[in-house]
């Protein structure tokens, strides 16, 4: 290649780097503590260990995982990133980590990126650390773990830490990431459309001079996104469910051995379990449980418990059932062509309905009309695309600014879903 073409290539690459890192104006520094050199292959993972192909469960390969890890580390040691001014800082979020020395796994907890499943896995690790009378008893313990409601699940703290893994930590450090666009929409559906974060919904409604609705507050996705950015930009605390992952997990300060993605989590999880120090029997049972068990009953029960907790803002359960049905359709759990069967609830939607009865009827109906994995994926994608269709360009630009390092570090497309 001639010198002229080499110089031209260098200029083009320099322009690309400058372009990506000038997507937003910035005001303060994104403080990091950098090591002079970060090894491309972390010595905590033996490259000679086969982590795929020795199990009946499909697994991400070591080569694929190395490519992700090296990409993140490559960006982190890039001079352009280390001197980059950034408008958001770690003091705006609360960090949470899980650590299990016996299992040999440490994990940064990222809400709306498989954190419930990760909590179930760490609870399962704990169960296997304690001797059980027999395998049946142990399996029953695991089933109870996977049937916990989300409130009880996330209240478990035997492996919880506020501080990231230290530099001399010998565990396999794991982070699970997700496309910022889908993560934000998931947070909106789960926390704002429903009643979970009703104090946030109230605050947003008041910002726009809206009156309360028949059930909670009618906050649009546009209003939610603008609220998320405005709170972050003025230096306020950012709720963990919609905080950028780079603030929650410090991927340039902590050397993560595994960068798993929600989009490939099933295969990634098999890779991670094969690296863990739990028994092969525990791995097999956990892999089988993860593949076959969906805690839909626990999720539905949690949704309806939210209504009981915030009943004064949504007096009639039937109004909230409409919201739940809409959320299930956004999530692809039930077809958009399937109407909410109100007649199924006629006898139980009384003045003081029994939460478990309502959950049971709803769960049975959803299970009977469960969609295929392919259909679920198509419907979820359509809901995501539709959600961003009417979002203003200025709001998209703000989201790109706030989540810029998530897009860059984890190789997600800056363009909104289309």
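Restricting the calculation to Cα atoms, the stretch 72-214 shows an Rg/Rh of 1.05 when the hydrodynamic-style radius is the Kirkwood one. Taking label points 7 Å from Cα along the Cα-to-Cβ direction, residue 206 and residue 162 give a separation of 2.7 nm.
Panel note: the C-alpha atoms of the stretch 89-145, placed on their principal axes, show extents of 49, 22, 12 Å (largest first). Using only the C-alpha atoms, the convex hull of the stretch 310-367 corresponds to 84 Å³ per residue.
Over the stretch 178-281, the alpha carbon radius of gyration divided by the compact-protein estimate 2.2 N^0.38 Å works out to 1.39.
Rg/Rh for the stretch 259-409 (Cα atoms only, Rh after Kirkwood) is 1.05. With all projection directions averaged, the alpha carbon convex hull of the stretch 293-343 covers 4.0 nm². Packing here is the average count of other Cβ atoms within 10 Å per residue, and on that basis the peptides 165-178, 110-123, highest first, run 110-123, 165-178.
Kirkwood Rh, the stretch 231-344, all Cα pairs: how many Å? Taking the inverse mean of 1/r over all distinct Cα pairs, the stretch 231-344 comes out at 18.4 Å. Expressed as a whole percent, the proportion of Cα-Cα pairs in the stretch 213-269 lying more than 13 Å apart is 73%. Rg then Dmax, both in Å and based on the Cα atoms of the stretch 368-409: 14.8, 43. Using only alpha carbons, the stretch 333-413 has a radius of gyration to Kirkwood radius ratio (Rg to Rh) of 1.18. Two numbers describe the Cα atoms of the stretch 252-305: Rg and Dmax, which are 14.6, 40 Å.
Laboratory data are not the source of any read-out in this text; all were calculated from the coordinates shown. On a predicted model such as this, the values are computed, not experimentally measured, just so you know. Reconstructed Cβ throughout: ideal geometry from the backbone, glycine too, with neighbour counts over all protein chains shown.
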